[in-house]
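Engineer: Right, I'll just put the structure down here and ask away after.
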Amino acid sequence: MSTEVKCLRPVERVGIVYDLLKNVGHGNFPIVDTASSGTLYGTASRSMLCTLLQRRAFGQPHDVNNGHYHSNTDGSVDYAELLGPKRLSPLVQWDTIERVYPRYPTIDDVQLRPGDRNCWLDLRPYANTAPYTINETASIQRTYRLFRTLGLRFLCVVNHNNQVVGIITREDLLPDSLSDSIMRGRNAHMTQGSGFS
């Protein structure tokens, strides 16, 4: 399981999405709702994100509450305010996104203009809001069974508050990966120090 999960927010800056797609090759990304303590909102596929960027399905920076939003004390934007019912970017119909199947655009096909990086991409209409998840306390057998019976490529691992704590892929369930994970778990006490003085 990877615990360094690359997540997006339901309403995200175009520059952040573009950089994420350029720097990692993941096929899907969890969407985490920061307005509700980081709970899992859904997932977004790489192909869908590239299509939205290529189709310029994003709103201008000033479209967010007429350019007025509250910053938190640390300077970050209060995204709870952004998640009102108003859509922040033009809607691309699902048949338009799927029309290019199986030749979806790649991130290399996306050309951003100078001011595009600060625009807002509203992922709420496109998110898979019912992704398969598994609790962090679930057994390897249950996880394996889910992958095999449903033909999954990945599973979001969530805690009891539905907050993303990791991602499991098919590769994580290969025999060598499982052996390595079990050995790391058994030897965890050796790497943390004894704690005795």
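Engineer: Could you identify the single residue in Arg145, Arg117 that is modelled with pLDDT of 85 or more, under 19 Å from the mean Cα position of the chain (by Cα) and of a type in the set (Lys, Arg)?
Structural biologist: Result: Arg117 is the single residue among Arg145, Arg117 that is modelled with pLDDT of 85 or more, under 19 Å from the mean Cα position of the chain (by Cα) and of a type in the set (Lys, Arg).
Engineer: Further, regarding this structure: Is one or more of the residues making up region 154-164 modelled with pLDDT of 95 or more and open to solvent by 100 Å² or more (accessible area, probe 1.4 Å)?
Structural biologist: Within region 154-164 (the criterion being modelled with pLDDT of 95 or more and open to solvent by 100 Å² or more (accessible area, probe 1.4 Å)), the answer is yes, since at least one residue qualifies.
Engineer: In addition: Tell me, yes or no, whether region 122-135 has at least one residue that is surrounded by 14 or more Cβ atoms within 10 Å (Cβ to Cβ), more than 30 Å from Thr96 (Cα to Cα) and without any contact (Cβ under 8 Å) to a residue 24 or more places away in the chain.
Structural biologist: No; the residues of region 122-135 include none that is surrounded by 14 or more Cβ atoms within 10 Å (Cβ to Cβ), more than 30 Å from Thr96 (Cα to Cα) and without any contact (Cβ under 8 Å) to a residue 24 or more places away in the chain.
Engineer: Of the residues that sit in region 74-112 and are at pLDDT 65 or above and among the hydroxyl-bearing types (Ser, Thr, Tyr), which one is surrounded by the fewest Cβ atoms within 10 Å (Cβ to Cβ)?
Structural biologist: Only one residue tops the list, namely Tyr101.
Engineer: While we're on this one: Filter region 1-41 down to residues that are more than 30 Å from Tyr144 (Cα to Cα) and hydrophobic (A, V, I, L, M, F, W, C) and give me whichever is surrounded by the fewest Cβ atoms within 10 Å (Cβ to Cβ).
Structural biologist: Ile16
The values are calculated or read from the model by the stated rules, or taken from the named source; none is laboratory data. The model shown is predicted, which means the values in this text are computed figures rather than measured ones. For neighbour counting, all protein chains shown are included, and Cβ atoms are generated from backbone atoms with ideal geometry for every residue, glycine included. Note: accessible area is taken over every heavy atom of the protein model, side chains too, but ligands, DNA and RNA are not part of it. Shrake-Rupley method; radii C 1.70, N 1.55, O 1.52, S 1.80 Å.
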